[in-house]
Amino acid sequence: ESAGVDADPDGDGVPNWAEYAAGSNPVDAASSLRLVVEQSSGGVLLRWLAAPGRAYVVERSSALGESGWTVAGSVAAGEGGEQVFTDGNSPTGTAFYRVRVVTP
C-alpha cells in the first residue's frame, strides 16, 4: 500500500515516515531531504532544502554507525529554501556528515 509508513510511492528511496518528518512530498521524487557536501576554502560546505516548519542540526562523525555523532552546527530553522552550513572546524581525516530533523 502506498500510504503505509514504510512505503515509498515515489521510488526515491525515502519511506513515507521519513518524508513526513522532513516535510517533503512523499509522491514527488525530487522532494526529499538530500545533503550536498563540497570542499571549500573555508572548510566543508553543506547544502540542503529546508522545509518550512522544520528545524535541522548538522552532525559529524569519523565513522558511519549509530554512535559517535557530534553536533557540528546549531539548529537551523527551515524557511522553504536552501540551507547552507560551513564546517570551518572540519577534521583533517575522514569525516561523515548528516543533517537530522529535530523538533523546532
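When residues of region 46-75 are filtered for being open to solvent by less than 30 Å² (accessible area, probe 1.4 Å), hydroxyl-bearing (Ser, Thr, Tyr) and farther than 17 Å from residue 95 by Cβ, how many remain? Walk me through how you get there before you give the answer.
We begin by selecting, within region 46-75, every residue open to solvent by less than 30 Å² (accessible area, probe 1.4 Å); these are 46, 48, 50-51, 55-59, 61, 72-73.
Then drop every residue that is not hydroxyl-bearing (Ser, Thr, Tyr), which leaves 56, 61.
Filter once more, so that each one left must be farther than 17 Å from residue 95 by Cβ: 56.
Residues flagged as open to solvent by less than 30 Å² (accessible area, probe 1.4 Å), hydroxyl-bearing (Ser, Thr, Tyr) and farther than 17 Å from residue 95 by Cβ within region 46-75 amount to 1.
Across region 28-40, the number of residues qualifying as assigned to a loop (DSSP other than H, G, I, E, B) and either in contact (Cβ under 8 Å) with a residue 24 or more places away in the chain or buried (at least 17 other Cβ atoms within 10 Å of the Cβ) (or both) comes to 4.
Among the conditions (1) on the phi < 0 side of the Ramachandran plot; (2) touching a residue at least 40 places away in the same chain (Cβ under 8 Å), the only one that residue 53 does not satisfy is (1).
Which one is nearest to residue 103 (Cα to Cα) among residues in region 5-26 that are part of a loop (DSSP other than H, G, I, E, B) and touching a residue at least 24 places away in the same chain (Cβ under 8 Å)?
Step one: list which residues in region 5-26 are part of a loop (DSSP other than H, G, I, E, B), which gives 5-15, 23-26.
Narrowing the set further to residues that are touching a residue at least 24 places away in the same chain (Cβ under 8 Å) leaves 23-24.
Numbers: 23: 12, 24: 15 Å.
Per the stated criteria, the residue is 23.
Here 23, 43 are screened, and the one residue that is closer than 17 Å to residue 76 by Cβ, buried (at least 16 other Cβ atoms within 10 Å of the Cβ) and modelled with pLDDT under 90 is 23.
From the residues in region 79-96 that are of a type outside the set (S, T, N, Q) and part of a loop (DSSP other than H, G, I, E, B), which one is surrounded by the fewest Cβ atoms within 10 Å (Cβ to Cβ)? Explain how you work it out, then say what you get.
Initially, region 79-96 is screened for residues of a type outside the set (S, T, N, Q), giving 79-82, 84-85, 87-88, 91, 93, 95-96.
With part of a loop (DSSP other than H, G, I, E, B) added as a condition, the list becomes 79-81, 88, 91, 93, 95.
On the way: 79: 12, 80: 11, 81: 10, 88: 10, 91: 10, 93: 6, 95: 15.
The extreme case among them is 93.
Looking at this structure, is residue 68 assigned to a loop (DSSP other than H, G, I, E, B), without any contact (Cβ under 8 Å) to a residue 60 or more places away in the chain and touching a strand residue (DSSP E or B) at 6+ places or on another chain (Cβ under 6 Å)? In short, yes.
The values are calculated or read from the model by the stated rules, or taken from the named source; none is laboratory data. In this text the structure is predicted, and so the values were computed from the model without any measurement. Neighbour counts run over all protein chains shown; Cβ positions are idealised from the backbone, glycine included. What goes into the accessible areas is simple: the full protein's heavy atoms, side chains included, and nothing from ligands, DNA or RNA. Shrake-Rupley method; radii C 1.70, N 1.55, O 1.52, S 1.80 Å.
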